[in-house]
1. At a 4.7 angstrom Cβ threshold, list every cysteine in the chain that has nobody to pair with, or say none.
2. By how many nm would the segment from Val222 to Gln80 lengthen if fully extended, with 0.36 nm per residue of separation less the alpha-carbon distance?
3. Report the normalised scattering of segment 46-89 as log10 I(q)/I(0) at q = 0.28, 0.31, 0.33 Å⁻¹, calculated by the Debye formula with identical scatterers on the alpha carbons.
4. What is the magnitude of the charge dipole of segment 113-262 about its Cα centre, with +1 placed on the Cβ of each Lys and Arg, -1 on the Cβ of each Asp and Glu, and no other charges, expressed in debye to the nearest 20?
5. What number, rounded to the nearest 500 deg cm²/dmol, is the helix-based mean residue ellipticity at 222 nm of the chain, given -39500 (n - 2.57) per DSSP H run of at least four residues and division by all its residues?
6. In square angstrom, what is the accessible area per residue of segment 1-156 with a 1.4 angstrom probe?
7. For the chain, what is the charge dipole size about the Cα centre, in debye to the nearest 20, if Lys and Arg each add +1 at the Cβ and Asp and Glu each add -1 at the Cβ?
8. Using θ = phi - 60° and the Karplus form 6.51 cos²θ - 1.76 cosθ + 1.60, what ³J(HN,Hα) does each residue of segment 102-112 get, whole Hz, x for Gly and Pro?
Amino acid sequence: MILVNGNVTDCVSAMDRGLAYGDGLFETIAARQSGLLLWDLHWRRLQSGCDQLKIDCPQEALIIQELQQLLKHAEIQQRQRYVIKIIITRGAGGRGYRPDSNLPATRILMLSDWPDYPDEYFTYGVDCRVCHIRMSSQPAFAGIKHLNRLEHVRARMEWTESHIAEGIMLDTRGNVIEGTMSNIFFVTPAGEIETPSLEYCGVEGVQRENVIGIAQAKNIPVRSSIIGKQSLGQYSEAFLTNSLIGVWPIRNIDAETFEPGPITRLLQQALTS
């Protein structure tokens with residue numbers, strides 16, 4: 001089921017700036033029969049992203065009203081878990097990069113099936129590879145989940161091997177930033193967590209924020225760091241996060257190997273308890 005500005009349709013204007021220029025942002029939300037997971041964090045990031053892009057953010061009450069339509073549809077279909085995606089664009093306007101003032105934003109809400117990830121990813125971990133495509137530096141848009149995902153699309157096209165679950169993306173200086181669909185964390189032998197700095201590029205994932213909060217509540221040191229590809233061998237654990245997968249341990253990134261250790265397991269347990 002798809003809603004565009006509250007109407008059941010899969011059509012948007014050919015003049016929409018999200019289509020023409022990637023002028024917008026999105027959220028991908030895990031949902032179960034009990035409701036939306038981490039909604040408060042998703043909504044806060046959506047508001048923040050709209051502010052950063054100077055898009056008039058729809059009212060939360062309106063978005064919730066439309067979400068309830070999707071939730072009802074999922075309930076009728078007896079779906080146990082599913083995915084909701086919210087796309088907000090600046091709206092439909094004329095040609096040219098400069099947007100018309102006071103454009104009404106376009107709201108697109110989609111209900112999709114839950115992805116069929118193997119259970120072994122959660123239990124035994126995943127194999128990863130470093131992508132060749134590099135992420136460009138743009139501090140003005142760092143952190144937000146905007147619609148310009150060409151770097152990630154190109155990166156995901158780099159492999160077809162079924163055993164590779166995720167590609168790790170570097171910036172132009174060779175520093176680790178994130179996965180094509182995830183954030184990444186590393187654990188030192190002393191039990192401290194490091195995650196890449198997203199000052200210049202990358203997405204500040206909702207699950208990333210949630211995991212950082214859980215770790216801090218358990219008195220596990222967490223810091224944002226510049227992590228070069230060549231330094232991966234100094235870590236004992238590594239894991240990926242996003243709103244759908246929760247926490248996946250990493251078994252290897254190319255030749256570097258890791259074990260699903262106690263910090264990773266502790267965070268997994270915290271997310272599933």
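1. When partners are defined as cysteine Cβ atoms under 4.7 Å apart, the chain leaves Cys11, Cys128, Cys131, Cys201 without one.
2. Extending this stretch completely gives an extra 47.7 nm.
3. Once normalised to I(0) and log-transformed, intensities are -1.00, -1.11, -1.17.
4. Value, rounded to 20: 460 debye.
5. Theoretical 222 nm ellipticity from helices: -8000 deg cm²/dmol.
6. Value returned for segment 1-156: 56 Å² of accessible area per residue.
7. It comes to approximately 500 debye.
8. Values, residue by residue: 6, 5, x, 5, 8, 10, 10, 10, 10, 10, 10 Hz.
The values are calculated or read from the model by the stated rules, or taken from the named source; none is laboratory data. Bear in mind the structure is a predicted one, so any value in this text is a computation, not a measurement. Reconstructed Cβ throughout: ideal geometry from the backbone, glycine too, with neighbour counts over all protein chains shown. Ligands, DNA and RNA are excluded from the accessible area calculation, which covers all protein heavy atoms including side chains. Shrake-Rupley method; radii C 1.70, N 1.55, O 1.52, S 1.80 Å.
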